[in-house]
Amino acid sequence: MEQPLTQRADQPLKPRNKHRLKARGKRHTVPKQAEPKTPDPQPPVAGVPVPEARPAKAQKADVPIEEQKTEGPKTSGAPNRSNDNRFNEEKSRQKKQARPEPSAPEPSTNTESEPEPPAVVPVPTQRPDVTKPEVEPPVVAPQPPEKPADADDKKMLPDPRSADLPDAKMPAEEVACRERLTALGVEFEEHKAESNPDIGCSIPYPLVLKSLGKSIAIGPATELNCPMAEAAARFAANVIQPAAKAEFGADLKSINQASAFVCRPRNGTRKLSEHAFGNALDIASFTLSDGRKIEVGPTPPEKDAKFLNAVRKAACGPFKTVLGPGADPDHALHFHLDLEPRRHGGTFCQ
């Protein structure tokens, strides 16, 4: 005869669902729960009454479900209900004992899995819509109106010759100059005086040359003061004519001038040009008796260059200023000759 399974007082009832948990395989594994350690009894505190221990209730082991089923049906319904209640209570108590204490979840080793988003995404507090005040541009102080360009800046530098005006009677030096021109065979005509007070030009006793001697013409019409006309006539007869004869074997027939009296300042300056007083002559070319034309330029032919260099070199002395090709761009195509008064009778030749 089989003896009923009775729980021993020193042996806890083993849960019957252990096999079921194992049967579920890899889906769920219940970790082994360590048995709770019974704390050591504390010694009684003096003066404190110790309650009497309750009598241990006999732990009655109910028959397992399988054994009850094998015993067959009970004789009455009341005992069956009582047994069922006791069975349910025992089963509930066994489940409580078998239920493992919750343990801390093991850290996941799957680093590739993405973290779960929080249940509630925190929403930042919206800032109040405060419109920034527009930055006003700095106040610009009113500027005084620009001063008009000083009229004096446009005026030419003063020159004592600008005040020269013709007298009622021609001075003796002017008369003597004309007598010398006539002796040289120079053809000329008297011209009325010219002046411009605003600019400063002045030529009180001008002449218009038609020739520089008996056989040397000049053109076009050349307005000069008498001293400059005399210097040009003497230079043509004493320097240019012999140079042409020596280099080309021909006589000087005519001179083509590029500028004589012109009321203007020097280029890019406030100083009046010697042309403003009829005291300068620009020569562009020479024509010989055999028809050869020699033009002043930066790269003339070899024979022409030799002739031009001789004339240019000889001009420095009879004239106080001599400029030509190479001196500056303004004189690349002509010789500039003038009688500008310089200190101590000096010259400027380039």
Of the residues in the range 326-348, those that are touching a helix residue (DSSP H, G or I) at 6+ places or on another chain (Cβ under 9 Å) and at pLDDT 95 or above number 5
Out of (1) without any contact (Cβ under 8 Å) to a residue 40 or more places away in the chain; (2) within 25 Å of residue 155 (Cβ to Cβ), the one residue 205 does not meet is (2)
Among residues of the range 196-230 being buried (at least 20 other Cβ atoms within 10 Å of the Cβ), touching a Leu at 6+ places or on another chain (Cβ under 9 Å) and of a type in the set (Ser, Thr, Tyr), the residue farthest from residue 263 (Cα to Cα) is 222
(Q) Criterion first (closer than 30 Å to residue 199 by Cβ and in contact with a strand residue (DSSP E or B) (Cβ under 8 Å, 6 or more places away or on another chain)) does residue 287 satisfy it? (A) no
Checking 280, 193, 233, 260 in turn, the sole residue that is at negative phi and either surrounded by fewer than 21 Cβ atoms within 10 Å (Cβ to Cβ) or at pLDDT below 95 (or both) turns out to be 193
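The values are calculated or read from the model by the stated rules, or taken from the named source; none is laboratory data. Small disclaimer: the values here were computed from a predicted structure and weren't measured. Cβ: placed from backbone, ideal geometry, glycine included. Neighbour counts: every protein chain shown.
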